[in-house]
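Colleague: Quick one: the structure is below, and I'll ask about it shortly.
Nothing in this text is a laboratory measurement; each read-out follows from the coordinates by a stated rule. Since the structure is predicted, the reported quantities are computational estimates derived from the model, not experimental observations. Ideal geometry is used to build each Cβ from the backbone, glycine not excepted, and the neighbour counts take in all protein chains shown.
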Amino acid sequence: MSALQLLVVAAAGIAAMRAAALRGDLDEAARQGALAGPAVVSRALTARDRPTQLAAIAAAALVEDRAELLAPLARVAGGPDRQTAIPAAEVARTIARELARRDRPDDLAADDVAAWRAQWAELALRGDRWIELRVAALDTVVALDPAGIGVDLSAALRDADPEFRRAAVSAVALPVPAAAHAALTGAVIHDVDPTTALAAAQSLCLSLEATAQRAAILDALGPDGLARIRALVGQKPQPATAAALRDLRRCVSYSGRGSPGSAIHKRAASSRRSAQ
């Protein structure tokens, strides 16, 4: 097929997608896009009119080889139109989570995945984006980065929006990896939003069951972190659940006993010896 014929086929596919979107039939628009293929859907994502972009976004969730659309979807999500930016981010999240559920295809280069992750990480950390988009972008990055959360956790936890900070806390795997102890402890101690502080504390306290980390977590929390946890238990910030408060009490309980080898335990033992 010649280049001219390819252009004609692409134009016809985009026209069919756009016509369906104008009729309000996004299911048909998605079907037309799936038939046309990822190259046509990618081209439609660059269109300047909303109906064509919405059709392409709907099709992106169905078309073959849709991982290739993570980059053009990021460009749409970075645009000024809320009506297309947020759906683009939501579809990207779906695609990324599909990728995470299976082995990476052989034809999908690690460099491409890294580039997509960087694009979506930048969107997640942009304070000028709508919060729904930022959370979807963060979810996309997390799915593309099974070893972490794909963004600088300390930077995410310094974000001005408490909803985004809570999303960042929720993105951290359990048991909390050692690299995240300091950032989550900082949120426990310093976050002015008690719900965010509680979420960070709950993640750390749940991770105490991984006994190899117990001393490190208690040391990271230190007296200030444990004091904030006790205060949170007393305040019962909404929407704290009984389970969350029970998890926080676990930290208080472990800190009271200490953990052999932990700094807290050593300080307690030293104090006992001095008193004798």
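Colleague: Where nothing but the Cβ of Lys and Arg (+1) and of Asp and Glu (-1) is charged, how large is the charge dipole of the chain around its Cα centre, in debye to the nearest 20?
Modeller: It works out to roughly 1360 debye.
Colleague: Determine the shape class of segment 173-226: with a ≥ b ≥ c the square roots of the Cα gyration tensor eigenvalues, call it rounded for a/c under 1.5, and otherwise prolate if a/b is greater than b/c, oblate otherwise.
Modeller: Details: a/c = 1.95, a/b = 1.51, b/c = 1.29.
It is prolate, given that a/c is not under 1.5 and a/b is the larger ratio.
Colleague: Note the full-extension length gain between R97 and R48 as 0.36 nm times their separation in residues minus their Cα-Cα distance, in nm to one decimal.
Modeller: 14.8 nm
Colleague: Which ordering of S42, S154 is given by a fewest-first count of other beta-carbon atoms within 10 Å? Spell out each step's value before the answer.
Modeller: On the way: S42 19, S154 14.
Ranked by crowding around the Cβ, least crowded first: S154, S42.
Colleague: Here is a further query. To the nearest 10 degrees, how steeply does helix 162-171 sit against the main Cα axis of the chain, on a 0 to 90 scale?
Modeller: So the helix axis and the longest Cα principal axis differ by about 90 degrees.
Colleague: With a Cα-only, solvent-free Debye model of segment 37-150, what are the log10 I(q)/I(0) values at q = 0.11, 0.21 Å⁻¹?
Modeller: Scattering profile of segment 37-150, log10 relative to I(0): -0.30, -1.10.
Colleague: Taking the mean number of other Cβ atoms within 10 Å as a proxy for protection, how do you rank 30-41, 195-206 from highest to lowest?
Modeller: Working: 30-41: 21.7, 195-206: 25.2.
Order by mean packing, descending: 195-206, 30-41.
Colleague: Return the Cα extents of segment 86-226 along principal axes one, two and three, sorted largest first, each rounded to a whole Å.
Modeller: 49, 34, 19
Colleague: Report the extension gain between D27 and E132 in nm, rounded to one decimal, defined as 0.36 nm multiplied by the number of residues separating them, less their alpha carbon distance.
Modeller: Extra length available between D27 and E132 comes to 35.5 nm.
Colleague: Could you tell me which of rounded, prolate or oblate describes segment 1-96, using a ≥ b ≥ c as the square roots of the eigenvalues of the alpha-carbon gyration tensor, with rounded for a/c under 1.5 and, failing that, prolate when a/b is larger than b/c and oblate otherwise?
Modeller: Prolate, because a/c is 1.5 or more and a/b exceeds b/c.
Colleague: At 0.36 nm per residue, and after removing the present C-alpha to C-alpha distance, how many nm does the segment from D81 to A173 gain when stretched out fully?
Modeller: Computed gain between D81 and A173 is 29.8 nm.
Colleague: Can you tell which of A121, Q83, A47 lies farthest toward the positive end of the dipole of the chain, using +1 and -1 charges on the Cβ of basic and acidic side chains (Lys, Arg; Asp, Glu)?
Modeller: Value computed over the given set: A121.
Colleague: Between the alpha-carbon centers of segment 148-224 and segment 64-130, tell me the distance in whole angstrom.
Modeller: 25 Å
Colleague: Using helices alone, I'd like the mean residue ellipticity at 222 nm for the chain: each DSSP H run of four-plus residues gives -39500 (n - 2.57), total over residue count, nearest 500.
Modeller: Dividing the helical sum by the residues of the chain leaves -22500 deg cm²/dmol.
Colleague: Order of T84, T140 from fewest to most other C-beta atoms within 10 Å?
Modeller: With the sparsest Cβ surroundings first, the list reads T84, T140.
Colleague: Report the one residue of I149, L73, P175 whose Cα lies farthest in the direction of the positive end of the charge dipole of the chain (charges on C-beta: Lys and Arg +1, Asp and Glu -1; origin at the Cα centre).
Modeller: In the chain, that residue is P175.
Colleague: Between the helical axis of 263-275 and the dominant principal axis of the chain, each derived from Cα atoms, what acute angle in degrees is found, rounded to the nearest 10?
Modeller: For 263-275 against the chain, the angle is about 10 degrees.
Colleague: Another one. What FRET efficiency would be calculated for the residue pair R230, E163, taking the C-beta separation as r and a Förster radius of 22 Å, to the nearest 0.05?
Modeller: 0.30
Colleague: Suppose every Lys and Arg Cβ carries +1 and every Asp and Glu Cβ carries -1, with no other charges. What dipole size does segment 8-161 come out with about its Cα centre, to the nearest 20 debye?
Modeller: On the way: 19 positive and 23 negative charges, 82 e Å.
The calculated dipole for segment 8-161 is roughly 400 debye.
Colleague: Treating only the Cβ of Lys, Arg, Asp and Glu as charged (+1, +1, -1, -1), what charge dipole size does segment 1-93 show about its Cα centre? Round to the nearest 20 debye.
Modeller: Its charge dipole is roughly 240 debye.
Colleague: Kirkwood hydrodynamic radius for the chain: how many Å is it when counted over pairs of different Cα atoms?
Modeller: Taking the inverse mean of 1/r over all distinct Cα pairs, the chain comes out at 21.0 Å.
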